[in-house]
1. So if I take the centroid of the Cα atoms in the range 206-220 and the same for the range 380-395, what is the distance between those two points in Å?
2. Tilt of helix 12-21 relative to the longest C-alpha principal axis of the chain, in degrees (0 to 90, nearest 10)?
3. Separation between the residue 328 and residue 275 pseudo-spin-labels, each 7 Å from Cα along Cα→Cβ, expressed in nm?
4. Could you rank 307, 361 by how accessible they are, 1.4 Å probe, largest area first?
5. Enter the accessible area per residue of the range 73-208 (Å², integer; probe 1.4 Å; all protein chains in place).
6. At a 1.4 Å probe radius, which order do 172, 366 fall into by accessible area, largest first?
7. Leaving out ligands, DNA and RNA, and with a 1.4 Å probe, what % of the accessible surface on the range 86-178 is carbon or sulfur?
8. Could you put 447, 199 in order of accessible surface area, largest first, with the 1.4 Å probe and the full protein assembly present?
Amino acid sequence: MKFDVVIVGSGLAGLTVALQLAPTHKVAIVSKGALLDGASNWAQGGIAAVLDSGDSFEQHIADTHDAGAGLCDVEATRFIIEGGRKAIDWLIERGVPFTPDDSAELGYHLTREGGHSQRRIIHAADETGHAVQITLEQLIRAHPNITLLEQHCAIDVIRSGAGASAHCVGLYAQNIAGGEVIGIASNRVVLAAGGAGKVYLYTSNPDSSTGDGIAMAWRAGCRVANMEFIQFHPTCLYHPYAKSFLISEALRGEGAVLRLPAGAGKDAGERFMPAYDARAELAPRDIVARAIDSEMKKRGLDYVDLDITHQPAAFLKEHFPTIQARCLEFGIDITSQPIPVVPAAHYTCGGVMTDSSGRTDLPGLYAVGETAYTGLHGANRLASNSLLECLVMGRAAADHIRGQPHSMQADLKAWDQSRVTDADEQVVISHNWDELRRCMWNYVGIVRTDKRLQRAGHRIALLKQEIDEYYANFRVTRDLLELRNLVTVASLVVDSALARKESRGLHYSLDYPDLLPEALPTILTPP
């Protein structure tokens with residue numbers, strides 16, 4: 001199979017690249033599941049952009065730098081934020097049904113989230129990601145120049161040449177249903193495979209968030225940066241059957257407060273965030289998540305309460321219909337009851353190092369979205385800047401690819417299909433998967449120490465050796481491929497965390513509680 005461009009991943013970043021290039025290029029999208037299975041489809045809050053005359057680029061940039069704890073790249077932050085209005089206009093032109101507001105300048109309702117000094121979050125009720133994705137999906141499926149390879153799991157980027165002459169010539173992917181591995185030839189490969197939340201036991205991410213793009217780029221010789229900064233969303237629904245359901249930060253933007261639950265005894269119902277930060281519930285996510293984690297550990301709690309019962313029922317139904325309906329499924333009426341919440345791994349702020357065109361260290365290989373490290377998010381992502389980055393950097397990568405001459409795709413070497421499946425393989429993979437995620441949750445979580453990190457690093461190294469042995473000797477499966485990527489990403493997170501001798505943003509170390517005077521990224525280079 002040969003294409004002008006191959007995109008790995010079907011979230012907002014990948015679909016943006018595809019739609020920008022489809023008029024002039026033959027494009028393939030490789031997706032592990034259906035197009036709507038990724039994290040973009042789950043995004044509730046909205047997209048941050050300067051859309052009102054009372055707001056400004058400078059204020060949005062300042063808010064981003066403040067949340068990022070001084071570690072945001074200055075040029076990348078300005079480039080992405082200044083591209084926000086154009087990105088939103090592009091979505092509106094394609095029919096995305098943002099929530100209207102006749103009193104607003106743009107005609108759409110803008111909400112506010114933690115860390116923002118202004119109302120600048122444009123949204124479609126409380127399921128913005130879904131509204132955007134389903135609109136773009138229809139355009140993708142109708143376009144004659146786009147080939148969809150759904151239910152295909154990318155394995156590795158294919159390089160040609162060595163040293164300075166090395167370049168990307170395609171990738172291998174497995175048809176999950178049939179098991180056969182195909183080579184897809186292309187001199188332009190875009191990694192838009194999302195983040196790595198599934199490396200932790202508790203996460204708000206979908207099952208597809210296994211760090212595939214980051215691990216593939218690392219194996220292809222690309223540097224990664226800031227992998228220690230894993231954002232834990234403060235409020236994930238706590239219920240034994242509510243797997244990975246996020247309670248949007250927009251609730252706190254509309255006045256929801258965090259209280260101690262009934263299990264706190266005489267302090268039950270007490271609001272605790274003002275004791276941690278003057279911004280209370282609207283402090284950046286790292287501060288809110290640590291505060292909840294501290295209260296839970298200090299008091300032996302399983303969760304805390306998020307209370308928005310002061311808002312009228314009609315308001316909640318209009319602005320948060322998805323959250324209200326989902327909570328009702330579990331017997332929680334948010335109009336009269338608080339919502340039990342816990343922090344959960346949510347966003348990978350680091351990733352594959354790229355320039356302002358999405359280019360990685362390997363010529364012909366690009367990375368966009370959560371897979372990439374642009375420098376926008378610094379040590380902690382500001383709420384709703386993620387979809388903004390997907391749109392702006394997706395367009396930037398497409399613009400660069402469009403400016404390159406079309407070239408012939410090489411014939412690829414066939415995949416070695418001779419490996420046989422071991423009967424015990426799936427059991428071992430399942431055990432390793434569970435051990436890895438529990439290890440990361442217990443030792444590389446919201447609060448860290450060098451001793452915990454070293455313990456995690458030792459166990460991860462043993463797991464990696466075992467997993468690499470399976471990969472070398474047995475026929476690949478999706479579970480094995482994802483586990484191989486997860487253990488690679490876990491190792492990168494631990495190595496990055498050990499390298500940072502301070503507490504900054506999402507990385508909080510009991511051994512190094514202070515902030516160093518200079519903010520520097522953590523950059524890892526493949527051996």
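The values are calculated or read from the model by the stated rules, or taken from the named source; none is laboratory data. Because the structure is a prediction, the values reported are computed rather than measured. Quick reminder, even Gly has a Cβ in these numbers, built from the backbone with ideal geometry, and neighbours come from all protein chains shown. SASA here: full protein model, heavy atoms, side chains in, ligands and nucleic acids out. Shrake-Rupley method; radii C 1.70, N 1.55, O 1.52, S 1.80 Å.
1. 19
2. 50
3. 3.6
4. 361, 307
5. Values: 5190 Å² over 136 residues.
Roughly 38 Å² per residue, with all protein chains present.
6. Details: 172 35, 366 5 Å².
Ranked from most to least accessible, the order is 172, 366.
7. Values: 1860 of 3860 Å².
Solvent-exposed carbon and sulfur of the range 86-178 make up 48 percent of the total.
8. Numbers: 447 30, 199 0 Å².
Ranked from most to least accessible, the order is 447, 199.
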